[in-house]
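Here the structure is laid out as structure tokens; the discussion comes afterwards.
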Amino acid sequence: QNDGRLRLSRQGVIFKNSKTGKVDNIQASELAEGVWRRVALGHGLKLLTKNGHVYKYDGFRESEFDKLSDFFKAHYRLELAEKDLCVKGWNWGTVRFGGQLLSFDIGEQPVFEIPLSNVSQCTTGKNEVTLEFHQNDDAEVSLMEVRFYVPPTQEDGVDPVEAFAQNVLSKADVIQATGDAICIFRELQCLTPRGRYDIRIYPTFLHLHGKTFDYKIPYTTVLRLFLLPHKDQRQMFFVISLDPPIKQGQTRYHFLILLFSKDEDISLTLNMNEEEVEKRFEGRLTKNMSGSLYEMVSRVMKALVNRKITVPGNFQGHSGAQCITCSYKASSGLLYPLERGFIYVHKPPVHIRFDEISFVNFARGTTTTRSFDFEIETKQGTQYTFSSIEREEYGKLFDFVNAKKLNIKNRGLKEGMKQSYDEYADSDEDQHDAYLERMKEEGKIREENANDSSDGSGEETDESFNPGEEDDDVAEEFDSNASASSSSGDGDSDRDEKKPAKKAKIVKDRKPRKKQLESKKGKDPNAPKRPMSAYMLWLNANREKIKSDHPGISITDLSKKAGELWKAMSKEKKEEWDRKAEDARRDYEKAMKEYSVGSKSESSKTDRSKKKKKKQEKQMKGKVEKKGAASKSLSSAKSPAKNMSESFKSKEFVSSDESSSGESKKE
């Protein structure tokens, strides 16, 4: 039913289930028969033991028969018989019961076999027997029911249907509550399945009786027992791992989790006499026991299931507890690091063994930096993410994982990132970048052009004001002298009169920057062309040669190839191109000097015409301002003062007014 590893040794056959970790150990002395046959998945091996148990393993190759046959002869003294299944397709034949196996045969060849341990229910009807099976959760499709028609016989006193059913029930895994329970635990709190249940302990199974559902759990389905202390140190979890799980509709419960309070005590009396208790349990239980409820339940289960109880190991978290608070999927719970695995309770419960872990990973929390995530990936590819773990737990959990020698995925990640960054940095320094060289050359040329234009514009002293800059300049002036211009409502008119003089001053201060911007905007087509770098000179001279050596090469590949060739070139050859670049630079500087002298003479003519035009504009503005001042004085004389605040004028106001009027008269 499940994948695993099969090991053959002189002592016997050992099979370990990869999913559950359950181990089947068959001693060599117990083997009674070995059968080799062809099955759906290659070839299979069927082993029958002397006590009637049947074990089937498939997935073998045909070529492995000789090796297995020789091994069985040498060590087990068994002949590995070859038997083929009947494929006629008939649906009538003979049913044979052998040990734990029901075999449907046609002639001497078996058609199919049914392990009776998989039968969950057997019902009879008129000339008919119906077998129901435990569902296999690992298979996509599983057999749930088989019906056999049993023809009537002439023999008196023997009902063939009942005889068939009795043979099935004698070996089937059908739970029948016969006799009295050994003991009963009342109203225990169960987390999965949720509710309060009475647990009746029978010799071969335990019965969970609730208000809505009943479950019968055979002890053979119990894989492991766990006793885990809660983080609050006042409660205990008792976890029972089941395979196959119990079912409630379509829901499967692989774990039965009971929650106990440490304060609950119980006095327990077993429904057996002392001799039976001593004979069956060999001192592990007594007829009368008392103690904590969780201790009594775990002690009884350990004795009946005959399995060890797993408790937390040496791990101790930041708060001193043996577990870590975290979230799995949408629910919060507790993660317990054990000696051989991890277990998470309670919704949904998860148990992960160390031997099935591929690696673990510590990841930064998605919502806050005060927590982190702990990720586990199994060898089957299943990933479990336990999130919202407090940052203080990191050191303890990391030391535990490291001590258990689990593979940590992101170990040394920072060092790896630093190393890769250094490697890239070294390669960038060594490799020639043609685009970078070109940008450096253009930057140098821009700086030279800017210096030349600023030198030429330094002789100019006048510039017309820019309306776009007017608001910023005036605002700065009046913010600094707010007390001199805001004493009264009439200050606005005087502020308007002051604006022209102050504008001219501020525009002069900002003039060189504007001139520099104008020089950058326009590019003279008659200006000398900037010189090329040594690399660009070499590339222009060798471009056609590279194209001929690599026909069909793209432009980007050509530049990459050129960079590689330039990098591999010797210093002597590079010096030759450096000299050519230096000569071109000198010629360019000489041409720029001649060009700048010619441009200055032309600019002086244009400047004189500009100055003349500006002078005329200023005269026109002065006339307009005089007319405005005269009209304002007439209007102020006609309108009487309404109150003292409007008619009163401070000394500063009068002096500033007079000075402004005096300046207008001088103009």
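Could you give each residue of segment 65-77 its phi-based ³J(HN,Hα) in whole Hz, using Karplus coefficients 6.51, -1.76, 1.60 with θ = phi - 60°, and x for Gly or Pro?
Coupling constants for segment 65-77: 5, 4, 5, 5, 4, 5, 5, 5, 5, 6, 10, 10, 6 Hz.
Stretch Ser596-His550 to full length: gain in nm at 0.36 nm per residue minus the Cα-Cα span? It would help to have the intermediate numbers written out before the result.
Numbers: separation 46, 0.36 × 46 = 16.56 nm, distance 4.48 nm.
So the chain would gain 12.1 nm between Ser596 and His550.
Please give the contour-minus-distance gain from Ser331 to Asp58: 0.36 nm per residue of separation, less the Cα-Cα distance, rounded to one decimal in nm.
Length gained between Ser331 and Asp58: 94.3 nm.
Hey, rough spin-label estimate for Lys126 and Asn526, points 7 angstrom out along Cα→Cβ, what's it come to in nanometres?
12.3
Too long at a 19 Å Cα-Cα cut-off: which of Lys22/Lys302; Lys56/Lys83; Lys308/Lys379?
Details: Lys22/Lys302 17 Å; Lys56/Lys83 14 Å; Lys308/Lys379 26 Å.
In this structure, Lys308/Lys379 exceed 19 Å between Cα atoms.
So what does Tyr535 come to for accessible area, using a 1.4 Å probe and Å² rounded to 10?
Rounded to the nearest 10, that gives 10 Å².
Order these peptides, 66-74, 611-619, by their mean beta-carbon neighbour count within 10 angstrom, highest first. Walk me through the numbers before you get to the answer.
Numbers: 66-74: 13.4, 611-619: 10.8.
Answer by packing, highest mean first, reads 66-74, 611-619.
Take peptides 267-278, 100-111 and line them up by average Cβ neighbours within 10 Å, highest first, as a rough protection proxy. Walk me through the numbers on the way to the answer.
Values: 267-278: 14.2, 100-111: 16.6.
So the peptides 267-278, 100-111, ranked by packing, come out 100-111, 267-278.
For an R0 of 56 angstrom, estimate the FRET efficiency from the Cβ-Cβ distance between Lys567 and Thr251 and round to the nearest 0.05. Present the calculation step by step, with values, prior to reporting the outcome.
Working: r = 68 Å, r/R0 = 1.22.
My answer for the efficiency is 0.25.
What is the extension gain from Phe65 to Ala40, computed as 0.36 nm multiplied by their sequence separation minus the C-alpha to C-alpha distance, in nm to one decimal?
Answer, rounded to one decimal: 7.4 nm.
Probe radius 1.4 Å, ligands and nucleic acids left out: which of Tyr202, Tyr149 has the largest accessible area, and how do the rest follow?
Sorted by accessible area, descending: Tyr149, Tyr202.
With all protein chains present and a 1.4 Å probe, how do Glu589, Glu282, Glu375 order by accessible area, largest first?
Output order, biggest surface exposure first: Glu282, Glu589, Glu375.
Suppose all protein chains stay in the model; what accessible area per residue would a 1.4 Å probe give for segment 34-154, in Å²?
Here the residues of segment 34-154 average 63 Å² of exposed surface.
Top to bottom by accessible area (1.4 Å), largest first, where do Phe226, Phe65 land?
Working: Phe226 0, Phe65 35 Å².
From most exposed to least exposed: Phe65, Phe226.
The values are calculated or read from the model by the stated rules, or taken from the named source; none is laboratory data. As the structure is a computational prediction, the values presented were derived from the model and not from experiment. All Cβ positions, glycine included, derive from the backbone under ideal geometry; neighbour counts span all protein chains shown. Surface areas here come from the heavy atoms of the whole protein model, side chains and all, with no ligands, DNA or RNA. Shrake-Rupley method; radii C 1.70, N 1.55, O 1.52, S 1.80 Å.
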